[in-house]
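The values are calculated or read from the model by the stated rules, or taken from the named source; none is laboratory data. On a predicted model such as this, the values are computed, not experimentally measured, just so you know. Neighbour counts are summed over all protein chains in view; Cβ atoms, including those assigned to glycine, are modelled from backbone coordinates with ideal geometry.
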Amino acid sequence: MKAIATAVPDVVVIEPAVFGDARGFFFESWNRKAFSALVGRDVDFVQDNHSASARHVLRGLHYQVRQPQGKLVRVVAGEVFDVAVDLRRSSPTFGRSVSQVLSAENRRMMWVPAGFAHGFLVLSERAEFLYKTTDYYAPEHERTLLWNDPALGIDWPLAGPPVLKPKDAAGVPLAAAETFA
């Protein structure tokens, strides 16, 4: 595994070593020791999630104000435009975002630490998205940051309007969002 630095140092793109031949491929998608070395600390994951979405579906930008979740995200079918937004007011990168195309083909993963909002846009006909979380889902603490808030400056690769769940369409702008210290 190798780490690829991003504009927000705490967010890390991880590229696994993939071994392939005419039969197919093999790679280690999770190794606690290697992951800890890449992100600079030991992380304890408690839940795995798996979602499937159609083209133009935009999920996010989600976060939990209590029981914040760090997420290790990857795509096992299709392709997504993945985004993390720093919501830690004490951070020099507060309000900045990082984006990365994750796909079944490139097999990249992204580490999104607790204290960030996260979301993605499906670029392929269909995508399956897997993510490990450092805390359990707590719907009463979930918040949604407005995906198209001009203050965030996220350049979503959209040809038209995305397909949104009502709660994602009703997200709040950064200026009104509950954030972290």
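For the stretch 119-132, check the following and say yes or no: at least one residue is closer than 24 Å to P173 by Cβ and either in contact with a helix residue (DSSP H, G or I) (Cβ under 9 Å, 6 or more places away or on another chain) or not in a strand (DSSP E or B) (or both).
Yes: one or more hits.
Taking the residues in the stretch 3-50 that are hydroxyl-bearing (S, T, Y) and closer than 14 Å to L72 by Cα as candidates, determine which candidate is surrounded by the fewest Cβ atoms within 10 Å (Cβ to Cβ).
Checking each candidate, the answer is S36.
In this structure, does Q47 turn out to be more than 22 Å from S99 (Cβ to Cβ), polar (S, T, N, Q) and touching a Lys or Arg at 6+ places or on another chain (Cβ under 9 Å)?
yes
Residues A117, A127, A54, A138: which one is in contact with a Leu (Cβ under 7 Å, 6 or more places away or on another chain) and over 19 Å from F27 (Cα atoms)?
Result of the check over A117, A127, A54, A138: A117.
Taking the stretch 129-142 on its own, how many of its residues are touching a strand residue (DSSP E or B) at 6+ places or on another chain (Cβ under 6 Å) and either more than 24 Å from M109 (Cβ to Cβ) or buried (at least 16 other Cβ atoms within 10 Å of the Cβ) (or both)?
The qualifying residues number 6.
Out of the stretch 13-67, which residues are assigned to a strand (DSSP E or B), under 19 Å from K132 (Cα atoms) and β-branched (V, I, T)?
Within the stretch 13-67, V13, I14 meet the criteria.
Considering the stretch 1-33 alone, what residues qualify as being of a type in the set (D, E) and within 13 Å of W111 (Cα to Cα)?
Listed by number, the residues that qualify are D10, E15.
Taking the options V98, V76, name whichever one is surrounded by 18 or more Cβ atoms within 10 Å (Cβ to Cβ), assigned to a strand (DSSP E or B), at pLDDT 95 or above and among the β-branched types (V, I, T).
V98
I'd like to verify a number: residues in the stretch 61-100 that are of a type in the set (S, T, N, Q) and within 13 Å of the chain's Cα centre (by Cα), how many?
Result for the stretch 61-100: 4.
On the given criteria, is A151 farther than 13 Å from G119 by Cα and either surrounded by fewer than 16 Cβ atoms within 10 Å (Cβ to Cβ) or of a type in the set (V, I, T) (or both)?
yes
I'm told V39 meets every condition in (1) more than 14 Å from the chain's Cα centre (by Cα); (2) at pLDDT 95 or above except one. Can you identify the failing condition by its number?
That leaves (2) as the condition not met.
How many residues does the stretch 121-159 contain that are modelled with pLDDT under 95 and either in contact with a Pro (Cβ under 8 Å, 6 or more places away or on another chain) or charged (D, E, K, R) (or both)?
Number satisfying all stated conditions: 0.
Looking only at the stretch 101-126, which residues are surrounded by fewer than 23 Cβ atoms within 10 Å (Cβ to Cβ), out of contact with any Gly (no Cβ under 7 Å at 6 or more places or on another chain) and of a type in the set (A, V, I, L, M)?
V101, L123
What residue, among those in the stretch 101-126 that are among the hydrophobic types (A, V, I, L, M, F, W, C) and more than 14 Å from the chain's Cα centre (by Cα), is farthest from S53 (Cα to Cα)?
A104
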